[in-house]
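See below for the structure under consideration.
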Amino acid sequence: MTGYTMLRNGGVGNGGQPWVLRWSSRIRLTWLSFTLFIILVFFPLIAHYYLTTIDDADDAGKRIFGPRTGNELCEVKHVQDLCRIRESVSEELLQLEAKRQELNSEIAKLNLKIEACKKSIENAKQDLLQLKNVISQTEHSYKELMAQNQPKLSLPIRLLPDKDEANLPLPKSNRNCRLYNCFDYSRCPLTSGFPVYVYNSDQYPFGSSLDPLIKQAFEATVRTNVYVTENANIACVYIILVGEMQEPIMPKPTELEQQLHSLPYWRTDGHNHLIINLSRKSETQNFIYNISTGRAMIAQSTFYDVQYRPGFDIVVSPLVHAMSEPNFLEIPPQVPVKRKYLFSFQGEKIESLRSSLQEVRSFEEEIEGNAPADYDDRIITTLKAVQDSKLDFVLVEFTCKNQPKASLPTEWALCGERDDRLELLKLSTFALIITPGDTHLLISAGCAMRLFEALEVGAIPVILGEQVQLPYHDVIRWNEAALIIPKPRITEVHFLLRSISDNDLLTMRRQGRFLWETYFSTSDNVFSTVLAIIRTRIQIPAAPIREETAVEIPHRSGKAAGTDPNMADNGDLDLGPVETEPPYASPKYLRNFTLTAMDIYRNWNSAPGPFHLFPHTPFDPVLPSEAKFLGSGTGFRPIGGGAAALGGNVPREQFTVVMLTYEREEVLMNSLERLNGLPYLNKVVVVWNSPKLPSEDLLWPDIGVPIVAICFKANKESRVWREARDRIVGFPGRYHAWDIPHQSWLYNSNYSCELSMVLTGAAFFHKYYAYLYSYVMPQAIRDMVDEYINCEDIAMNFLVSHITRKPPIKVTSRWTFRCPGCPQALSHDDSHFHERHKCINFFVKVYGHMPLLYTQFRVDSVLFKTRLPHDKTKCFKFI
């Protein structure tokens, strides 16, 4: 360290020698740097240029550094071996790839075979399960048949009498004619179907005297009646129309009698013949009174006691609407119950009883058994006193302002024109009908006309005179729609009318409206009622319902339903335990004959409904030979008889789903797939409402039951139900509301705590309601539905509520339909709701009242939510 320091100091002190050393050192470093730069930069450039120049030489043999070909490289032995190995390996790889693809193809084929085998196994299992169910069902049915010990019987062979049948001895008097001694039952077997032969009145001289409107209406009715036959040899009853006749050209009684006796099938005594004398006017005369009709039955509106044969002849209503349907818009509503006048009466008596008897008799003489006294004077005095008392508004007039209508002796003649009388009755709560003073006159056309007009506009008839025989009185309980009061109680009439409650008044008014619509309103109703009375008397069931023809659409079934995972979501709809019973046909309906004999009065006096709860009206055709619900299914079984149904208190049964669609193929297919595995499903009927048929390549799902697709020429529009079979059960709910500013009804689909309708898109209802909708519901409602192509669900709710006086039952909490993928529905259009508002108001006018009833009741089958062990699931069938 010391030496180093000294050297530095000594160097500095020598005066310039160290500077030369430093300069020489810097020169050496610069030269060294320059030499390295030449070597590192210029030498690679020169070498590169030289090498590229040599490679570009034309002589390939002079190339030193250029690339060589593969053959040249492979000249070396080991290189050639490597090349051969590479080629061999490449070839083997290609072969292995081909084998791999071949194996993959075989694996795919085997997988398809495995899937097909699995599907075949599943189908075989389903077939085996169905076979087991069929065997079980057959064994069950066999045990029931053995327990009932009721062997199946064939229909009896019909025995027809000879054309030249022997004449039966006539009874001692025509008044003694009854069915047992004046009617030939051999022509009307129970299985005959009640064939009726109608004479053509134009082929006989009296035909030219008939009222043209009466004859035209009668002929139109005959052409459409299901019982009329053109084969007179098999007929049960022969019908001839003889009235109403026109006065100027009316034949003499002897001439008419001779013409009747000359009818080709009269057979000397006229048995099994019905003579119909319809009246369109109140002044129709009883010209058959002086004619010998033998064993022929008589149907007319006027009868004397010496002429009428109870249980044999028929009192019919007048034919007011001969060739026209009633205008429901002109019929007043049934509410409010109380009207302006408590009661009203207009009439004039042309001839009193005293003048007809040509002597004066007292009430004491009547009591002693002499001819009846004339109560009309006491009636006039009492009614005038009530009018003068001002206790109630009443209107009684005993003289006509204009010329009164012609009438029979002792009968109160009608006053004014029909329209004027109807306007007064629309303002009257009760309509007084005073029977003729002559008690031998049981019924007259004038009284029948007063009854018809009162029922038409909702005025409750009050009939003074208990001897009267009202139309169809032997089958209709008139005390449910009218008051029949003896004339001696005239002083108590005012008190009696004031004591009737509003509920009873409304009930009587509704029953009167039902009777008028069913048996009085049209020529079809009158003629059908007359035939139904005869058919009911001889205990022949009604004809089966006529079939509606439809074109079935062929279609192909595709994949089995249930394979789409999107179809598995049922939301809050729990379908309950799955029943695997296959579809099966219904047994024969066995009550066709006993129903007619057992429920006569209930049939005639009740609104129609499901046949196990509500009877038919007598001229309704019965259901087909199979008792079905919404299409197909098994028939009824006795209560407590081991029925395979919920609770054992209802019949074992299946149901049919009816789906309406219009060019929504994808939505329809999805909806059909959701029905796979639905318990108790028998079949599905798809009503295709579009004129364009579905696509030919459309694959329909296989849901295990038949799917029938049908189309019509014109575009016309589960378990909770078992406990309430007379109602509509389903969802979603809707309700009606009263619009106070416009004084009209509204259709409302907003969320609410109450409802009065259940739309039929997802609802159960009895098949019989579909029949009532098509054949019993007023035609005016069906016409409006066809015009709007809307409101069919509202019409069905009106019909069911009108019949049952019960609201529908809503199930589930849903208020709308869920339809993923559906295009915008018609219900989103404002015009849709306007049309439904109009429908509700029109339907109310047709029915005469608002039949819909509110309810806040919702039902869900809680047993569906109950988890039970597998071996206990049968409790759903045999509780």
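The values are calculated or read from the model by the stated rules, or taken from the named source; none is laboratory data. Quick caveat, the model's predicted, so the values are computed rather than measured. Note: ideal-geometry Cβ built from the backbone for every residue, glycine included; neighbour counts use all protein chains shown. Calculation scope for accessible area: heavy atoms of the full protein, side chains included, ligands and nucleic acids excluded. Shrake-Rupley method; radii C 1.70, N 1.55, O 1.52, S 1.80 Å.
From the residues in the range 796-847 that are over 28 Å from residue 458 (Cα atoms) and of a type in the set (Ser, Thr, Tyr), which one is modelled with the lowest pLDDT? Filtering first and then ranking leaves 827. Filtered by the rule that a residue be aromatic (Phe, Trp, Tyr) and either open to solvent by 50 Å² or more (accessible area, probe 1.4 Å) or not assigned by the TED database to the domain that holds residue 434 (or both), the range 471-501 gives a lone residue, 495. Of all residues in the range 306-322, those that are on the phi > 0 side of the Ramachandran plot have Cβ atoms under 8 Å from Cβ atoms of residues that are charged (D, E, K, R), 6 or more apart or on another chain, in 311/178; 311/474; 311/537.
If the condition is being open to solvent by 10 Å² or more (accessible area, probe 1.4 Å), of a type in the set (Phe, Trp, Tyr) and closer than 16 Å to residue 808 by Cβ, then the range 755-786 contributes 764, 765, 773. Only residues that are touching an Asp or Glu at 6+ places or on another chain (Cβ under 7 Å), open to solvent by 20 Å² or more (accessible area, probe 1.4 Å) and of a type in the set (Gly, Ala, Ser) were counted in the range 405-422, giving 2.
All told, residue 451 falls short of being modelled with pLDDT of 95 or more and more than 38 Å from the chain's Cα centre (by Cα). So, of the residues in the range 171-222 that are basic (Lys, Arg) and over 13 Å from residue 538 (Cα atoms), which turns out to be surrounded by the fewest Cβ atoms within 10 Å (Cβ to Cβ)? Looking at the filtered set, the residue picked out is 172.
State whether one or more residues within the range 112-125 are over 30 Å from residue 704 (Cα atoms) and β-branched (Val, Ile, Thr). So far as the range 112-125 goes, no, none of its residues is over 30 Å from residue 704 (Cα atoms) and β-branched (Val, Ile, Thr).
For the condition more than 23 Å from residue 538 (Cα to Cα) and open to solvent by less than 10 Å² (accessible area, probe 1.4 Å), residue 306 does not qualify. Scanning the range 244-255 for residues that are under 45 Å from the mean Cα position of the chain (by Cα) and open to solvent by less than 20 Å² (accessible area, probe 1.4 Å) turns up at least one hit.
Of the residues screened, residue 391 is one that is more than 27 Å from residue 282 (Cβ to Cβ) and either in a loop (DSSP other than H, G, I, E, B) or modelled with pLDDT under 90 (or both). Of the residues examined, residue 452 is not one that is in the same structural domain as residue 347 (by the TED database), open to solvent by less than 10 Å² (accessible area, probe 1.4 Å), in contact with a helix residue (DSSP H, G or I) (Cβ under 9 Å, 6 or more places away or on another chain) and assigned to a strand (DSSP E or B). If you go through the range 734-754 one residue at a time, how many are open to solvent by less than 40 Å² (accessible area, probe 1.4 Å) and in contact with a strand residue (DSSP E or B) (Cβ under 7 Å, 6 or more places away or on another chain)? Qualifying residue count for the region: 8. For residue 89, indicate whether it is at negative phi, β-branched (Val, Ile, Thr) and modelled with pLDDT under 80. No; evaluated as a whole, the condition is false for this residue. Filtered by the rule that a residue be of a type in the set (S, T, N, Q) and more than 19 Å from residue 348 (Cα to Cα), the range 380-399 gives a lone residue, 389. The residue that is surrounded by the fewest Cβ atoms within 10 Å (Cβ to Cβ), counting only those in the range 502-548 that are more than 23 Å from the chain's Cα centre (by Cα) and not in a helix (DSSP H, G or I), is 539. Scanning the range 260-271 for residues that are open to solvent by less than 30 Å² (accessible area, probe 1.4 Å) and either closer than 11 Å to residue 199 by Cβ or touching a Phe, Trp or Tyr at 6+ places or on another chain (Cβ under 6 Å) (or both) returns 260, 263, 266. Does the range 849-863 contain at least one residue that is farther than 30 Å from residue 333 by Cβ, touching an Asp or Glu at 6+ places or on another chain (Cβ under 7 Å) and modelled with pLDDT under 90? The answer is no, given that none of the residues of the range 849-863 is farther than 30 Å from residue 333 by Cβ, touching an Asp or Glu at 6+ places or on another chain (Cβ under 7 Å) and modelled with pLDDT under 90.
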